[in-house]
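The values are calculated or read from the model by the stated rules, or taken from the named source; none is laboratory data. Since the structure is predicted, the reported quantities are computational estimates derived from the model, not experimental observations. Positions of Cβ are backbone-derived with ideal geometry, glycine not excepted, and every protein chain shown enters the neighbour counts. SASA here: full protein model, heavy atoms, side chains in, ligands and nucleic acids out. Shrake-Rupley method; radii C 1.70, N 1.55, O 1.52, S 1.80 Å.
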Amino acid sequence: MSPLARFLVKLFSKAHNVLYRVSGGRVFGSLGEAPVLLLTVTGRKSGKPRTTPLLYIEDGDSFAVVASFGGAPEHPAWYRNLERNPRATVQIENQVVPVTAATATPEEKKRLWPRFTAVYPDYDTYQKKTERDIPVVLLRKQ
């Protein structure tokens, strides 16, 4: 991803987070049919909280998200941060929930992927665009 694209993604993400929080998820709480949550992780280098808006689906007592990064060749920073420290929080509307993250097994991903592409077909495009296997992450409520 180019430096300009990275900058624009960060800028949009910050604006999204502010509007989501201020409105309790009424603004930017969904993208089409796909609901959006705010994932807050601990930066692996800085130790500071980092928040990212992500599409999600519910899976039992977990929330599932996709580490697509738009099909970029590398994993998104939030995913790498979760690899270092799997404890995080998610905000859905006005509710903040502590979670523990785990990368979905191949069987879990096979089961969940069609649900993701049903609400956001671009995930298939992203997977074709990159050589890496795009992870699905389960955020289990603590």
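Remarks
- For Ala101, the conditions (1) more than 26 Å from Leu19 (Cα to Cα); (2) modelled with pLDDT of 95 or more; (3) of a type outside the set (Val, Ile, Thr) are fulfilled apart from (1).
- From the list Arg84, Arg140, the lone residue that is more than 18 Å from Lys10 (Cα to Cα), at pLDDT 95 or above, over 14 Å from the mean Cα position of the chain (by Cα) and open to solvent by 20 Å² or more (accessible area, probe 1.4 Å) is Arg84.
- For Pro73, the conditions (1) in contact (Cβ under 8 Å) with a residue 24 or more places away in the chain; (2) of a type outside the set (S, T, N, Q); (3) loosely packed, with under 12 Cβ neighbours inside 10 Å; (4) farther than 18 Å from Pro135 by Cα are fulfilled apart from (4).
A quick yes/no check of all residues on (1) more than 18 Å from Lys10 (Cβ to Cβ); (2) more than 14 Å from the chain's Cα centre (by Cα):
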{"position": "Leu54", "(1), (2)": "no, no"}
{"position": "Ala102", "(1), (2)": "yes, no"}
{"position": "Lys109", "(1), (2)": "yes, yes"}
{"position": "Thr117", "(1), (2)": "yes, yes"}
{"position": "Tyr120", "(1), (2)": "yes, no"}
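- You will find that of Leu112, Leu139, the residue that is within 23 Å of Arg26 (Cα to Cα) and of a type outside the set (Ser, Thr, Tyr) is Leu139 and no other.
- Residues of region 26-55 satisfying the condition of being among the small types (Gly, Ala, Ser) and within 22 Å of Asp122 (Cβ to Cβ): Gly29, Ser30, Gly32, Ala34
- In the condition set (1) closer than 20 Å to Gln142 by Cβ; (2) of a type outside the set (Gly, Ala, Ser); (3) open to solvent by less than 50 Å² (accessible area, probe 1.4 Å); (4) touching a helix residue (DSSP H, G or I) at 6+ places or on another chain (Cβ under 8 Å), Thr89 is compliant with all but (4).
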